[in-house]
Amino acid sequence: MTSLQINFIVVITIVAFATTVYGFNVPSFIGEAQISHSGPTNSLYGHEKFYDEEHDEHDRVKRGMYFPQFQQQQWRQQQWPELLVSSEPPNEYLKMWITSEHNRYRQLVPATNMRMLYWSEELAASAQRHANRCDFRHSRDRINVGENIWAAPYANYSDAVTRWFQEVNNPRCGCNHAYKHCCGHYIQVVWAQTNLIGCGFARCRDVWGIIGHGHHNVFVCHYNPQGNTVFVNGNGQLYAVPAFNWASDVKPRCSECPADAPACYEGLCYKPTLQEIAGAKNDQISSKQEGQQNKNNDERINESTPISSNSNNNNNSNNQMSNKSFKEDSYKGNSNDVRRR
């Protein structure tokens, strides 16, 4: 076995061990897309901790201790090179596609409280601002905003959302649908309380944090409210809040939709438009009128039923038959009117 083969096996072993034990994405081979999420929300401060703050194992989120590239020299901070080639915000079609792609994956989750996502221009502006930095590290100018980052040597970011979501299928992660570093992207994508999204894309000469790996394209999505919430319980243990409430036979999908999004569409809670509200009211009025009409018709049928009599008076019998025919003809006319509506 050559020394090159030995080095290759050593690298593969280190990458596999680090990914399995620590549950994070190690910078991999040139040509492969990479993803990075913003990590847990600190319930005390309302934001994630950054690598220059005090941190423990739970709070380390793709910082200097993971990537040696993050331990940059002071000159890099003082003389930040311009890596941006072009800023390319999503057009109207891509905005719809990004939003629909997120909602498509959110529909796969059997949740009682999963909200529908809507595009936010404000979040798109902040996401584009960070994409233009060409930085794989996470932005600091966020408050209650989650962040997923995708970087690749190719510009087609259509696989970004898929890569984020598929973390739940990683058998080495054991994602339990609450924050773990190895599935933080997935948790943010399916965080039930999140209802706004905005994304940005940029072409770069290189990308900070993964310099030299051939990545020249950065796609960033911002989410509000931010997911991946964690806090410390009374026993001093870290507790990760579940991303959503599971649906069941007792509590089906959309059974716990919030008050500001009471309507349901294919498992997603959303706020109905004024036209939908007006249409629902009209349907209720029509149903009520139809029910009243059916009740009136039933009463007419009962009235038109002939009364039996032991009398042999032919005049009374003829009068009863005449009344019956008259009332039946009247009911038929009313029935035709109902069918034409």
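Values quoted throughout were computed directly from the atomic coordinates according to the rules given, and no laboratory measurement underlies them. From a predicted model like this one, the values you see are computed outputs, not experimental measurements. Neighbour counts run over all protein chains shown; Cβ positions are idealised from the backbone, glycine included.
Which order do the peptides 160-168, 216-224, 259-267 take when ranked by the mean count of other beta-carbon atoms within 10 Å per residue, highest first?
Descending mean neighbour count gives 216-224, 160-168, 259-267.
How would you classify the range 169-286 from its alpha-carbon gyration tensor, with a ≥ b ≥ c the square roots of the eigenvalues: rounded for a/c under 1.5, else prolate if a/b is greater than b/c, otherwise oblate?
oblate
Using the charge dipole of the range 116-169 (Lys, Arg: +1 at Cβ; Asp, Glu: -1 at Cβ; taken about the Cα centre), state which of V168, S139, Q128 has its Cα farthest towards the positive end.
The Cα lying farthest towards the positive end belongs to S139.
Which order do the peptides 234-240, 189-195, 124-130 take when ranked by the mean count of other beta-carbon atoms within 10 Å per residue, highest first?
189-195, 124-130, 234-240
Using θ = phi - 60° and the Karplus form 6.51 cos²θ - 1.76 cosθ + 1.60, what ³J(HN,Hα) does each residue of the range 143-148 get, whole Hz, x for Gly and Pro?
With the stated coefficients, the range 143-148 comes to 10, 6, 10, x, 8, 10 Hz.
Work through the residues other than A243 whose Cβ is under 13 Å from its Cβ and net out their charges, Lys, Arg +1 and Asp, Glu -1.
Surrounding charge for A243 is +2.
Highest mean first, what order results for 249-257, 100-108 on Cβ atoms within 10 Å?
Ranking, from highest mean packing down: 100-108, 249-257.
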